[in-house]
1. Which one of the conditions (1) touching an Asp or Glu at 6+ places or on another chain (Cβ under 9 Å); (2) farther than 14 Å from Ile237 by Cα; (3) of a type in the set (Gly, Ala, Ser) does Ala148 fail to meet, given that it meets all the rest?
2. Residues Ala233, Ala289: which one is among the hydrophobic types (A, V, I, L, M, F, W, C) and on the phi > 0 side of the Ramachandran plot?
3. Assess whether Asp83 counts as being under 29 Å from Gly255 (Cβ atoms) and more than 16 Å from the chain's Cα centre (by Cα).
4. Here are the criteria: (1) outside any helix (DSSP H, G or I); (2) over 27 Å from His147 (Cα atoms). Tell me which single one Gly278 does not satisfy.
5. So Cys247 passes all but one of these: (1) within 28 Å of Ala48 (Cβ to Cβ); (2) in contact with a strand residue (DSSP E or B) (Cβ under 6 Å, 6 or more places away or on another chain). Which condition number does it fail?
6. Only one of Ala142, Ala150, Ala241 is touching a Lys or Arg at 6+ places or on another chain (Cβ under 9 Å), within 27 Å of Ala94 (Cα to Cα), crowded, with 19+ Cβ neighbours inside 10 Å and among the hydrophobic types (A, V, I, L, M, F, W, C); which?
7. Checking Arg96 against (1) basic (Lys, Arg); (2) farther than 27 Å from Tyr191 by Cβ; (3) in contact with a Cys (Cβ under 6 Å, 6 or more places away or on another chain), which single condition isn't satisfied?
8. Would you check which residues across region 285-307 are under 13 Å from Thr3 (Cα atoms) and outside any helix (DSSP H, G or I) and list them?
Amino acid sequence: MTTVFISHPECLRHDMGSIHPESPQRLAAISDRLIAAGLDVYLAHLDAPYATDEQLRRIHPERYLAYLRESAPVEGIVHLDPDTAMSAGTWNAARRAAGAGILGVDMVMRGEANHAFCAVRPPGHHAERARAMGFCFFNNIALAAAHAMAVWGVERVAIVDFDVHHGNGTEQIFSGDRRVLMVGSFQHPFYPYCGTDHPATNMCNVPLKAGTRGEGFRAAAETVWLPRLREFAPELILVSAGFDAHCEDDMASLGLVDADYAWVAQQVRDVARASAGGRVVSLLEGGYALSALGRSVAVYIKTLEDL
């Protein structure tokens, strides 16, 4: 089987301003690196569909969907908070980003692929049920998980989040839901300044101090969240794949390198093969140093697919 690579040109039309780090160039950097690394020919490219209102309402209430529709400008940029803004292309881009994860779940559950990588923007893991924040509008990973449970009857979904920022929105949505195990690590104290105060038992949050390098990241994963992941024996693994903990990324202060993303891909791949039929769907979150982002995504996909 192959890896499906899901994206859409409309994801490029989301614009939060020329100096905003969450820029359309991120997707171009990924595509360019996959071609340069010779990986592009091994991927099945699919266009992300729009998430339907029915699918979005599995997580987000109608009043929130109406708020986003009404906030979307015809031209220019409208800020929903100091970090998060909508342009004329944002509404459609966000629906494509949400739809990508849903399509990825369908592909792996139908057995048409083992892995799906969704190169989409805007990202999603900071979006709460009724609040846009942290560059995010819809919680793409939560919508994918909800789809897997509602449509495919998946009873144990694991969410792995290795972004440098904690996925507070995903935690808010699934806190206490025994069907979902969320594991991951993030820099702390750091935006969004949560994830450490008495999390629910299905949340395995591992804060890392600023300056932590790959050895510390791997040790935290091996001793804390990988054992929980194996014990949970997920039927499907979803990954909030943020690459902003890279040492070249000045968004934060962790020190991961390309090889660390290959290592985490190997761990996820091995757990998926043991209990989930190899099924992994990864959705792009952070990663703002363009060269590091492209290289890290390439090595992550290459390792998942044993190329």
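1. Single failed check for Ala148: (2).
2. Of the residues listed, the single one that is among the hydrophobic types (A, V, I, L, M, F, W, C) and on the phi > 0 side of the Ramachandran plot is Ala233.
3. Numbers: under 29 Å from Gly255 (Cβ atoms): yes; more than 16 Å from the chain's Cα centre (by Cα): yes.
Spelling it out, Asp83 is indeed under 29 Å from Gly255 (Cβ atoms) and more than 16 Å from the chain's Cα centre (by Cα).
4. Here Gly278 clears every test but (2).
5. (1)
6. Ala142
7. Failed condition: (2).
8. Glu305, Asp306, Leu307
None of the figures in this text is laboratory data; all of them are computed from the coordinates on show. Keep in mind it's a predicted model, so treat the numbers as computed, not measured. Quick reminder, even Gly has a Cβ in these numbers, built from the backbone with ideal geometry, and neighbours come from all protein chains shown.
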